[in-house]
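Coordinate-derived values only; no laboratory data. As the structure is a computational prediction, the values presented were derived from the model and not from experiment. Note that we place each Cβ from the backbone using ideal geometry, even for glycine, and neighbour counts take in every protein chain shown.
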Amino acid sequence: MIGFGLASSHAPGMFCPPELWPKVYAAIPDYMKASQPHTAQLETMDVIRGYVSRIDAAFEVLRGKLEAYRPDAVIFVGDDQEDMFDARCNPAMCLFTGEEVWGSSAPFYVDQPSSDSRIRMKVHSDLSKFLLERLLDAGFDMANTSVMNPMGPHPERGTSHMIVYPARRLLPKLDVPIIPLFLNCYFPPLPSAKRCWQLGQALAQILADRPERIAIYASGGLSHDPVGPRAGWIDEPLDRWVLDTIASNRGERLQHLFTMDSASMRGGTGETRAWIVAAGACAWNAEIVEYIPAHHTKTGLGFAYWPERKGAL
C-alpha cells in the first residue's frame with residue numbers, strides 16, 4: 001500500500017556548495033543573459049548561503065519523515081533529460097524492472113570525475129514487474145526497460161538525475177529498494193496532466209492490497225526553464241498555486257495544467273507532472289515544508305510530503 005508521499009525539486013544547484021551557484025546561474029546561452037531578472041542580482045552570497053541552509057533543512061525533514069515511515073520500497077517518479085533515453089526512443093512513461101540502477105550523484109557543475117560520485121541503488125524488481133503488468137491491464141501504455149544502458153550524450157553519468165541527485169538526501173544509506181518510474185516531461189510524447197493524475201490513482205489502487213509499505217516520491221519542478229528564453233525567471237504564483245492545491249487536497253485541479261500553450265508551462269516546469277502523479281496516489285492533505293524562488297538555481301524550489309496514512313487509497 002502507498003501510505004506516504006513526498007516531493008521535492010531536484011535542480012542541480014541544490015546539490016552544489018554556495019560558491020558554485022554563480023557558475024550554475026551563468027550556464028545559459030549568452031544571447032539570453034541580457035534578459036535575466038534583476039532579482040537574481042539581489043541574491044548575494046549571504047542570501048545564497050541562507051538558501052542552502054533552508055534546502056538542507058527541508059531535505060532533513062523529508063528524510064526524517066520517510067525514515068519514520070519505514071518503507072519497503074520507494075517509487076521514484078520523475079523525468080529523464082537525455083540520461084537513460086535519447087531521440088531514438090523517448091517513452092511517455094517507462095518502468096525500470098531490472099535489479100539495480102547506478103549514476104553520478106554530484107551535478108556536472110562539480111569538477112570531479114563522474115565515477116567519484118557514483119552510487120548504486122537496488123530496485124524492487126518484483127514490485128516493479130507487478131506494477132508493469134497491472135498498469136498494462138489498466139490501460140496504460142507503459143514502456144519497460146530492465147537493462148542499465150544509458151543512451152544519452154554522457155552515458156558514464158548513468159541513470160536520470162531525478163534519482164541520483166536526491167537519493168542520498170532522502171535515503172542516505174541507500175538501503176531501501178526503489179522503483180524508477182520515468183515520466184517524459186521535456187520531449188514528446190508528453191503525458192497530459194490528466195493522464196498523470198490517473199496514473200497516480202492507478203498506482204494507489206493497484207498497490208492497495210499489497211502487504212509492502214510503499215512510499216512515492218515526486219522528483220522535479222517547480223517552475224523553471226533552465227536553458228530556454230525564461231531561464232532565471234520563476235513563476236511564483238503558479239508554484240504557490242500548486243503547493244496550495246496539494247496542501248488542501250484538491251489535487252484533481254492539477255489535471256488542468258498543460259492543457260494550453262504557455263511560456264511559463266514550457267521547459268522544466270513540465271516536471272510538475274511528477275507532483276501530479278504523487279498527488280493522485282496520495283488523496284489526502286500534503287504538508288508544505290519549504291518554498292524558495294531561487295533565481296540562481298533558475299527554479300522555484302518546493303518541498304512537501306503527504307503524512308503517513310493507514311488504510312489510504
List the pairs from Lys23/Lys122; Lys129/Lys194; Lys122/Lys310; Lys129/Lys310; Lys122/Lys298 whose alpha-carbon separation is above 30 Å, in the order I gave them.
Lys23/Lys122; Lys122/Lys298
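Using the Cα centre as the reference, give the magnitude of the dipole from point charges on the C-beta atoms of the chain (Lys, Arg: +1; Asp, Glu: -1; all else neutral), rounded to the nearest 20 debye.
Numbers: 30 positive and 36 negative charges, 81 e Å.
So the dipole magnitude of the chain works out to roughly 380 debye.
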Multiply the residue gap between Met45 and Val147 by 0.36 nm, knock off their C-alpha separation, and tell me the result in nm, one decimal place.
32.5 nm
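Please report Leu181, Leu207, Leu20 as a ranked list, fewest other C-beta atoms within 10 angstrom at the top and most at the bottom.
On the way: Leu181 26, Leu207 22, Leu20 18.
With the sparsest Cβ surroundings first, the list reads Leu20, Leu207, Leu181.
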If a helix is a whole DSSP H run, which ones in the chain reach 24 Å or further along their own axis (Cα) and hold a mean Kyte-Doolittle hydropathy of at least -1.0?
45-69
Contact order normalised by residue count of the stretch 243-310, Cα under 8 Å, 6+ apart, percent:
31 percent
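Counting other Cβ atoms within 10 Å of each Cβ, which trypsin sites (Lys or Arg not before Pro) in the stretch 1-110 have at most 14 and sit in a DSSP loop?
Details: sites: Lys23, Lys33, Arg49, Arg54, Arg63, Lys65, Arg88; in loops: Arg88.
Here the sparse-neighbourhood loop sites are Arg88.
Fewest Cβ neighbours within 10 Å first, please rank Tyr305, Tyr25 accordingly. Can you show the working numbers first?
Values: Tyr305 25, Tyr25 22.
Lowest count first: Tyr25, Tyr305.
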